[in-house]
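Worksheet for the structure shown next.
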Amino acid sequence: MENKDRCWKRIGVWGNELPRCPKLAEVIHCRNCQVFTQAGRNLLERPLPEAYKDEWGTILVKKKGKEPVGAIAVVVFRIASEWMALPAGLFAEIIEDVSIHTLPHRKTPVLLGLVNVHGEIQLCVSLKHLMNLEDVIVKKGAPEKEKKRLMVVSKDGEQWVFPVHEIHGIHHFNPGLLQNVPVTIAKSKSTFTEGIFKWNAKHVALLDDELLFYTLKRSLQ
Amino acid sequence: MLVLLFYLGNIMYTMKCDRVREVAPMVPLKEVPHAPEYVAGLFNYRGVIVPVIDLRCLIQGKPCEMRMSTRIILVDYVKEDNTPYILGLMAERVTETARRDESAFVSPGLKLAEAPYLGGLMMEEKEMIQYVDLDLLPESFQFLPELVNAQNEK
């Protein structure tokens, strides 16, 4: 059972050292080779320690924890100082910060201009202006620029591009954990907020996408 | 279809995975006095008492060696009156699964009265692997009805 010759240690798993194992021509890497696999399996042929048995015994006695059912996936991002989230299903992609071509004679601050997304021209809009978020004072030397991204969001067949200051990525949570928006919040952001959830000790506002895009369309007309 | 490969001694066996609920590592088992030798003991599996059958003992008359790759295959069954129950099967070197076509399973036409579950074979290129039919396995255990009732009392 014991395989004494650990050939992969001598020849290297890619066979870069000479002499090259003849089997490598066929299997390319040792992980595809039976000798290697067998050696790995042999690790499991060790006698069973009592402590291992006991440990698993206590684990398997317990009932499996119920996994949260009906969890929803959202993309968490930051604009100015506010952390917000939109359903992950709306997202087409996240792209690097590219230059925005401004449109002349457009007075609304919501429409930032046009961006080139894989050769297609998309409208770039500012959620910051739509929601009247205040700018944060950027400390000098803060790595603000590096995290800047554009989110490409697709809603009812239309695509929108939003610049955001930071994107965390996808977060799953149970809709039951959504808290109501405190009535005292005066910011207009609250009108787009469906609820608030906690994430990394921060409060994140889940945005009402129907209302958001409706308002967005109205504001551009 | 997914099949589970395992060993009893030096002989490789296989079973279909459709009934397999989980493959658990070896755990301490409560011995059952006066039970047939192939009953390795009772396993407290997530609060359910599961009888564990030592497959090597059942088929070869020798108990499984206690190695890290010796594992308990938990299999889901349904009784005739639709009550579900779980059976644990202990086997050696339970480390591999494979995908095989249904046509790889053949019956050599042998009917063993002692072990009806061992009739079939899975054909490989070079060898034949004996196939443990999980559907026919419980027929060989007379003690089952009582245990099934115990599981469902909870």
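Against the empirical 2.2 N^0.38 Å scaling, what ratio does the C-alpha Rg of the stretch B:2-153 come to? Don't skip to the end; give the middle numbers.
Working: Rg = 15.0 Å, N = 152, 2.2 N^0.38 = 14.8 Å.
So the stretch B:2-153 has a normalised radius of gyration of 1.01.
Counting helices only, and only those DSSP H runs with n ≥ 4, report the 222 nm mean residue ellipticity of the protein assembly as shown as the sum of -39,500 (n - 2.57) divided by its residues, in deg cm²/dmol to the nearest 500.
Numbers: 9 runs with 67 residues, N = 375.
Helices in the protein assembly as shown give a 222 nm mean residue ellipticity of -4500 deg cm²/dmol.
One quarter of the convex hull surface, Cα atoms only: what value does that give for chain A in nm²? Don't skip to the answer; put the middle values down first.
Numbers: hull surface 90.6 nm².
For chain A, the mean projected area of the Cα convex hull comes to 22.6 nm².
Which whole-number percent gives the relative contact order of chain B, counting Cα pairs below 8 Å spaced six or more residues apart? List each step's numbers first, then the result.
Numbers: 300 pairs, mean separation 37.5, N = 154.
This gives 24 percent for chain B.
Ignoring ligands, DNA and RNA, how much accessible area is buried between chains B and A, both sides summed, with a 1.4 Å probe, to the nearest 100 Å²?
Working: alone 8940 and 15350 Å², together 22400 Å².
Using a 1.4 Å probe on protein heavy atoms, the buried area is about 1900 Å².
Once both axes come from the Cα atoms, what is the angle between helix A:50-61 and the longest principal axis of chain A, in degrees from 0 to 90, rounded to 10?
Value to nearest ten degrees: 40.
The stretch B:1-50: which residues show an accessible-area loss of 20 Å² or more, assembly versus chain alone, 1.4 Å probe?
Going by heavy-atom accessible area, the residues of the stretch B:1-50 that drop by at least 20 Å² are B:Pro25, B:Met26, B:Val27, B:Pro28, B:Asn44, B:Arg46.
May I ask you to list the trypsin sites (Lys or Arg not before Pro) in the stretch A:72-129 that are in a DSSP loop and have at most 10 other Cβ atoms within 10 Å of their Cβ? Don't skip to the answer; put the middle values down first.
Numbers: sites: A:Arg78, A:Arg106, A:Lys107, A:Lys128; in loops: A:Arg106, A:Lys107.
Those satisfying the criteria are A:Lys107.
Place +1 on the Cβ of every Lys and Arg and -1 on the Cβ of every Asp and Glu in the protein assembly as shown, take the dipole about the Cα centre, and give the residue among B:Thr70, A:Ile79, A:Gln38 whose Cα lies farthest towards its positive end.
Most positive-ward Cα: A:Ile79.
Rounded, prolate or oblate: which one fits the protein assembly as shown, using the alpha carbon gyration tensor with axes a ≥ b ≥ c (rounded when a/c is under 1.5, else prolate when a/b beats b/c, else oblate)? List each step's numbers first, then the result.
Working: a/c = 2.88, a/b = 1.99, b/c = 1.45.
It comes out prolate by the Cα gyration axes.
How much length, in nm to one decimal, is gained on full extension between B:Met123 and B:Val48, taken as 0.36 nm per residue of separation minus their Cα-Cα distance? List each step's numbers first, then the result.
On the way: separation 75, 0.36 × 75 = 27.00 nm, distance 3.64 nm.
Gain on extension, B:Met123 to B:Val48, equals 23.4 nm.
Of the options A:Tyr52, A:Trp199, B:His34, report the single residue whose Cα projects farthest towards the positive end of the charge dipole of the protein assembly as shown (beta-carbon charges: Lys, Arg +1; Asp, Glu -1).
A:Trp199
Only Cα pairs under 8 Å and at least 6 apart count here; give the relative contact order of chain A as a rounded whole percent. Don't skip to the answer; put the middle values down first.
Working: 302 pairs, mean separation 42.0, N = 221.
Computed over chain A, the figure is 19 percent.
Quick one: putting +1 on the C-beta of Lys and Arg, -1 on the C-beta of Asp and Glu, what dipole do you get for chain B around its Cα centre, in Debye to the nearest 20? Walk me through the numbers on the way to the answer.
Details: 16 positive and 22 negative charges, 84 e Å.
For chain B, the charge dipole is close to 400 debye.
The values are calculated or read from the model by the stated rules, or taken from the named source; none is laboratory data. Quick caveat, the model's predicted, so the values are computed rather than measured. Cβ sites come from the backbone with ideal geometry, for glycine too, and all protein chains shown count toward neighbours. Accessible surface areas use protein heavy atoms only, side chains included; no ligands, DNA or RNA. Shrake-Rupley method; radii C 1.70, N 1.55, O 1.52, S 1.80 Å.
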